[in-house]
Amino acid sequence: MNKQTDAMHTPGSMHIASFCCHGERSYDIVYPCHFQGFTNDWGYRTVESGLQNAYQEELEQLNHTIRDMDAHLEALRATPVYTGSDLTEQVLESIREGKRRNLSQAMPEPYFGRLDFHESGKAGPTPLYIGKFGVEKADSPELLVIDWRAPVASLFYSFTGGTESAVYDSPEGAIEGLVYLKRNLVIRKQILQRVVDTFDREGDAMAVTDEFLLYRLGENKDNKLRDIVSTIQAEQDAIIRAGKNNALVIQGVAGSGKTTVALHRLAYLLYQYRDQVKAEKMIIFAPSRMFLDYISGVLPELGVGHIQQTTFADWALELLDQEVKLADPAERLRYWFAVGPKRPVMDDSAPGRFKGSLAYMQWLESLLDAYEQSAVPDADFLPWEGKKLPRATIREWFHVEYKHEPLMKRRERVLARMKRWIEIELEKVWEVHLRKEYKKKSGEKLRAYTKSWTAYTPFTFYKELFNPDSRPAFISEEAAAFVPEELRRATWTAAKKKLVHTEDFAPLLYIRQRFDGIHGDLRFDHTVIDEAQDFSPFQVALLAMHTKNGSFSILGDLSQGIHAYQGIHDWHEMLDQFPEDSRGYYTLNRSYRSTMEIIYFANEVLKNGVPEPPTLAVPVFRSGDPVALVQAGGAALAGRLAEAIAAHRSREGAGTLAVLARTEERCRELHAELAAAGCAVNLIVPGQQQYEGGVSIVPIYMAKGLEFDTVLLVDVDAEYYGATPQDAKLLYVGCTRALHELKLYYGAEPSPLVADVEGDFVARGK
């Protein structure tokens with residue numbers, strides 16, 4: 001092996017050495033400086049020999065693993081696929097197919113970590129290689145690679161150094177022992193690229209975990225979120241491995257990895273509870289179709305498919321059989337994010353807050369109960385002269401015998417029984433001409449009776465609640481007065497056009513549940529709600545009816561609650577819906593996305609507008625350029641943006657860039673101005689379903705959940721961003737989209753949210 005070594009001492013007492021193999025590629029190998037070697041003239045220890053040995057050891061292990069995997073896969077592919085009807089053979093074929101799939105998916109990157117663990121009572125430490133997929137040896141059930149979700153693999157994430165013994169939970173109980181080595185490995189297309197020891201008991205037991213993490217965080221991003229199996233942190237792993245029958249609420253700062261953690265949790269639950277949960281009975285609710293596209297790569301990378309992924313609006317529209325349409329979301333966003341004197345007040349009187357409250361749910365429940373009591377027509381059924389089916393009997397069928405059925409199912413059952421009762425009574429009539437006459441009359445009477453018993457759909461029932469001209473008998477005057485007049489009129493006006501707003505979906509689905517029940521395919525084993533701070537308590541209560549055993553992952557950030565006109569203001573609005581012994585609250589305050597400078601700056605923005613921020617982000621030790629505050633407004637702005645975009649594009653591996661503005665209208669203006677200047681960029685506006693990467697112009701409220709290598713924030717002045725909680729949260733969201741570089745442009749005077757921010761993390765006038 002030809003090699004070159006360039007060893008250097010870095011912060012955290014580590015040596016990083018680069019090796020060149022076969023003249024093609026350099027490989028970084030990182031060791032604590034205490035690795036066995038010789039001390040040089042500067043007091044550092046020469047580790048070349050040890051590094052070579054470590055690299056060679058891992059290279060041989062990798063080659064051995066790939067050979068074994070190749071042979072195993074070839075043997076499995078050579079076995080004919082069984083397509084017969086024998087159940088035993090079908091099970092065996094299913095196992096073989098699972099192995100084929102695992103081996104194929106694992107082949108390019110078989111594993112990412114090594115843990116040498118000495119279990120108490122055993123002879124000595126055993127090297128365990130950990131990867132995305134468990135891989136067995138070809139000739140035995142012994143594992144070549146351990147699945148990251150396996151109990152013993154939890155040590156790779158939870159162990160952070162020290163001389164104490166380590167413990168993990170297994171099906172047999174707690175297993176205790178000593179960790180001797182923890183090593184991170186980067187393998188790409190079967191090539192060993194990087195070796196990083198984060199713990200070595202044979203040295204002085206120091207841990208340098210952050211070095212590998214910083215290496216991964218420093219990589220540029222594309223237009224998709226990726227898995228984090230090789231860098232899951234201890235606090236994230238605790239959430240991923242939490243018990244199934246719990247509702248977890250995760251308050252995570254921007255860049256804390258909460259979305260990725262939730263997706264990895266799904267993969268873990270499918271592994272750990274494989275006999276109890278199914279992928280197709282899990283569901284993810286995301287804030288937009290574009291966000292779903294952004295996260296679409298994570299689960300396939302983890303070997304997980306068939307999990308339902310949707311937005312609450314799309315899910316609701318499908319369940320309502322497309323009977324209604326969603327009013328233009330862009331129009332609503334323009335209203336709530338308007339600037340100047342048109343800014344609306346975001347308080348509990350906002351339609352989203354009012355209709356999303358549990359009080360509104362209870363009001364609706366009381367109306368449904370009242371309707372149930374008065375649903376049966378107030379008259380006996382008289383099919384022909386001299387024959388009567390008493391109303392009391394019909395009511396008994398409806399309220400007693402079919403009480404277990406949902407409302408509209410009960411109606412169907414009662415009407416079907418009435419039809420059968422008529423048939424029985426007709427059989428008692430011997431005269432043929434009378435029977436014929438009574439049959440005709442009874443049919444007409446039954447049709448009239450059926451018509452008098454309104455067959456509501458969820459929408460027609462909901463619409464009636466707001467009818468100003470004809471109040472249904474089951475709605476009392478007091479109940480009618482519950483809804484503010486202005487909101488009632490607005491709802492009725494939209495409903496006449498079969499239009500609804502987002503906050504109407506939970507009420508409509510609640511009515512649907514009372515009318516038609518919840519079918520088995522709509523009962524989920526686990527539900528994930530992302531950006532949950534923008535969900536309402538009513539939505540969560542409704543989803544709890546669809547989710548078995550309260551199994552939830554509810555994640556968000558109150559500091560990013562920019563949709564306060566419909567979302568929650570405190571996590572207890574959701575937490576209190578679940579029993580205390582089956583819920584959990586987790587805080588993720590470390591931000592892995594942005595540099596320290598960006599996080600420090602974003603925290604100052606938040607503090608300048610929000611009196612008591614829920615959680616301030618703590619950055620990992622990754623430094624970059626100071627945040628730039630640049631005075632450039634009016635006609636000059638487009639030129640400065642074009643310059644910054646051109647400079648960005650000129651860099652090798654520049655990655656993604658976003659120009660963020662407050663409103664859709666402003667984004668369109670800037671897009672046109674940049675196009676006129678010969679600078680082509682992607683325009684992302686409401687309704688967009690895909691994020692293509694590259695350079696984009698985006699309203700801030702659409703960028704939430706996404707991340708970009710560089711962010712250029714425009715119009716950061718008092719007109720667009722005042723010293724209010726809402727504006728501070730909006731600007732905070734914009735700032736925390738940036739991974740490596742952040743610039744803010746303002747006109748005459750900067751916003752009060754940034755005007756007084758001082759420190760070595762900010763630079764002005766560049």
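The values are calculated or read from the model by the stated rules, or taken from the named source; none is laboratory data. Bear in mind the structure is a predicted one, so any value in this text is a computation, not a measurement. FYI the Cβ positions are ideal-geometry reconstructions off the backbone, even for glycines, and counts take in every protein chain you see. SASA here: full protein model, heavy atoms, side chains in, ligands and nucleic acids out. Shrake-Rupley method; radii C 1.70, N 1.55, O 1.52, S 1.80 Å.
Region 279-297 and region 360-391 have Cα centres lying 42 Å from one another.
Over all pairs of different C-alpha atoms, region 348-394 has a mean inverse distance whose reciprocal, the Kirkwood radius, equals 13.6 Å. Amide H contacts under 5 Å for Val249: Ile554, Gly584, Tyr585, Tyr586, restricted to partners 5 or more places along the chain or on a different chain, H placed in the peptide plane at 1.01 Å from N.
Report, in listed order, any pair from Lys388/Lys440; Lys451/Lys497; Lys244/Lys278; Lys463/Lys498; Lys409/Lys548; Lys355/Lys704 with a Cα-Cα distance greater than 18 Å.
Where the Cα-Cα span goes over 18 Å, the pairs concerned are Lys451/Lys497; Lys409/Lys548; Lys355/Lys704.
Positive-end ranking of Leu364, Trp421, Gly386 along the dipole of region 338-428, with charges on Cβ about the Cα centre, is headed by Leu364.
Express the Stokes-Einstein translational diffusion coefficient of region 598-648 in µm² s⁻¹, to the nearest whole number, given a Kirkwood radius over alpha-carbon pairs, 10 °C and a viscosity of 1.306 mPa s.
Numbers: Rh = 13.7 Å.
Calculated translational D: 116 µm²/s.
In the chain, the longest principal axis of the Cα atoms and the axis of helix 725-735 are about 50 degrees apart. Ranking Tyr438, Phe461, Thr491 by Cα position along the charge dipole of region 388-524, where only Lys, Arg, Asp and Glu carry charges on their C-beta atoms, puts Tyr438 farthest toward the positive end. From the alpha carbon centroid of region 515-558 to that of region 229-251 is 18 Å.
The trypsin sites (Lys or Arg not before Pro) of region 410-506 meeting both criteria, a DSSP state outside H, G, I, E and B (loop) and at most 14 other C-beta atoms within 10 angstrom of the site's C-beta, are Lys428, Lys497, Lys498.
Computed on region 359-427, the Cα convex hull volume stands at 80 Å³ per residue.
When the dipole is taken about the Cα centre of the chain, and only Lys, Arg (+1) and Asp, Glu (-1) are charged at their Cβ, what size is it in debye, to the nearest 20?
With Lys and Arg at +1 and Asp and Glu at -1, about 3000 debye.
Helices in the chain, meaning DSSP H runs of at least 4 residues, each add -39500 (n - 2.57). Divided by all residues, the mean residue ellipticity at 222 nm is -11500 deg cm²/dmol. How large, in percent, is the carbon and sulfur part of the accessible surface of the chain at a probe radius of 1.4 Å? Accessible surface attributable to carbon and sulfur in the chain totals 49 percent.
Heavy atoms of the protein chains alone define the surface here; on that basis region 389-492 has 62 Å² accessible area per residue at 1.4 Å probe size.
Between the helical axis of 48-78 and the dominant principal axis of the chain, each derived from Cα atoms, what acute angle in degrees is found, rounded to the nearest 10? For 48-78 against the chain, the angle is about 40 degrees.
Considering only Ser170, Met290, Ala313, the residue lying farthest towards the positive end of the dipole of the chain is Ala313, judged by Cα position with unit charges set on Cβ. The chymotrypsin sites (Phe, Trp or Tyr not before Pro) found in region 533-630 include none that occupy coil by DSSP while having at most 10 further C-beta atoms within 10 Å.
For the chain, the longest principal axis of the C-alpha atoms and the axis of helix 596-609 are separated by about 40°.
A DSSP coil position with no more than 11 other Cβ atoms inside 10 Å describes the following GluC sites (Glu not before Pro) in region 136-175: Glu142, Glu164, Glu172. Normalising the Debye intensity of region 637-735 to I(0), with uniform scatterers on Cα atoms only, and taking log10 at q = 0.15, 0.22 Å⁻¹ returns -0.57, -1.20.
Calculated from the alpha-carbon coordinates, region 589-676 shows an Rg and a Dmax of 15.9, 44 Å respectively. Relative to the Cα centre, the charge distribution of region 678-733, modelled as +1 at Lys and Arg Cβ and -1 at Asp and Glu Cβ, gives a dipole magnitude of about 160 debye.
When the alpha-carbon atoms of the chain are used, the pair Rg, Dmax equals 31.8, 121 angstrom.
Treating each Cα of region 490-597 as an identical point scatterer and summing with the Debye formula, the log10 of I(q)/I(0) at q = 0.15, 0.22 Å⁻¹ comes to -0.77, -1.29.
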